[in-house]
Amino acid sequence: MTKGWGMIGLGLMIAVWGASSSVLAADAPAASPAAADVQSPQVPPTAPGVFTAQKRGAAGFHLVITGHTFTSRDAIEKYLAYRAAELVKAEHGDWFSLVEKRAKGDTAPVPKIDPAGPRFSFRMEYWPPLWRFKADASPAWKSWSPFSGSAFFAGDPKTVAAYEVSADIVLHKGMMTGTNPLAFDADALSDFLANQVSPPQ
């Protein structure tokens, strides 16, 4: 008799546990694998025409940022560098090198490869793109090169009606040489700038 009551009690416990499990399962939110896989981009995409990349040769690209609202040289140049890194990753590259556009009479020193120096991967002081400005007072474009030795635009930013910032890069695959100051690791640079940049206007 005692054995029979024990079996009945065990059966009731199993039934109660099963019912509780069903209620908990019904209350739990349904998993959505598709929703979990979708992530918003860390840096919003640019408006059409703000960033352009023109293929030059087998592995070269001419990059241009255009805008009408000047914020700061640092912010805009960093955004161009971020777009360069993202382009290289999209093209299945690992790193890229900057092609400096120097003219006769430029006075800025040429960066030198230093095997004994620190490893380079995203040293922004070696990312000097070229600039063009158009101010409200004049319809003509004015150019500025970081290699010329002349001062950067120092006027009122509100007078800038339009600007263009450009750079030429060469895409590379494989191990990056850490001794070249003009070489940039695409993943490292993208991660470094992702929380610092936003699309210009």
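Can you tell me which of (1) assigned to a loop (DSSP other than H, G, I, E, B); (2) under 16 Å from Trp131 (Cα atoms) is the one Asp114 doesn't meet?
It is condition (2) that Asp114 fails.
Looking at Phe96, Phe153, Phe70, Phe122, which is the one that is assigned to a loop (DSSP other than H, G, I, E, B), under 15 Å from Pro181 (Cβ atoms) and assigned by TED's automatic domain parsing to the domain that holds Val170?
Working: Phe96 fails: assigned to a loop (DSSP other than H, G, I, E, B); Phe153 fails: under 15 Å from Pro181 (Cβ atoms); Phe70 fails: under 15 Å from Pro181 (Cβ atoms).
Sole residue among the options that is assigned to a loop (DSSP other than H, G, I, E, B), under 15 Å from Pro181 (Cβ atoms) and assigned by TED's automatic domain parsing to the domain that holds Val170: Phe122.
Which of the residues that make up segment 128-150 are more than 30 Å from Asp94 (Cα to Cα) and part of a loop (DSSP other than H, G, I, E, B)?
Those that are more than 30 Å from Asp94 (Cα to Cα) and part of a loop (DSSP other than H, G, I, E, B): Asp136, Ala137, Ser138, Pro139, Ala140, Trp141, Ser148, Gly149, Ser150.
Select, from Ala162, Ala84, the only residue that is surrounded by 14 or more Cβ atoms within 10 Å (Cβ to Cβ), of a type in the set (A, V, I, L, M) and in a helix (DSSP H, G or I). It would help to see each step written out before you state the result.
Numbers: Ala162 fails: in a helix (DSSP H, G or I).
Exactly one of Ala162, Ala84 is surrounded by 14 or more Cβ atoms within 10 Å (Cβ to Cβ), of a type in the set (A, V, I, L, M) and in a helix (DSSP H, G or I), namely Ala84.
If you scan segment 159-172, which residues turn out to be in contact with a Phe, Trp or Tyr (Cβ under 8 Å, 6 or more places away or on another chain) and more than 18 Å from Ile65 (Cα to Cα)?
Leu171, His172
State all residues of segment 124-158 that are of a type in the set (Lys, Arg) and out of contact with any strand residue (DSSP E or B) (no Cβ under 8 Å at 6 or more places or on another chain); if no residue qualifies, say none.
Keep residues of segment 124-158 that are of a type in the set (Lys, Arg), which gives 132, 134, 142, 158.
The one that is of a type in the set (Lys, Arg) and out of contact with any strand residue (DSSP E or B) (no Cβ under 8 Å at 6 or more places or on another chain): Lys158.
Within segment 161-187, can you find the residues that are within 11 Å of Ser121 (Cβ to Cβ), among the aliphatic types (A, V, I, L, M) and touching a helix residue (DSSP H, G or I) at 6+ places or on another chain (Cβ under 6 Å)?
Ala186
Please go through segment 88-103 and pick out each residue that is without any contact (Cβ under 8 Å) to a residue 60 or more places away in the chain and either in contact with a His (Cβ under 7 Å, 6 or more places away or on another chain) or not basic (Lys, Arg) (or both).
First pass over segment 88-103, keeping only residues without any contact (Cβ under 8 Å) to a residue 60 or more places away in the chain: 90, 102-103.
The answer is Ala90, Ala103.
The values are calculated or read from the model by the stated rules, or taken from the named source; none is laboratory data. Quick caveat, the model's predicted, so the values are computed rather than measured. Ideal geometry is used to build each Cβ from the backbone, glycine not excepted, and the neighbour counts take in all protein chains shown.
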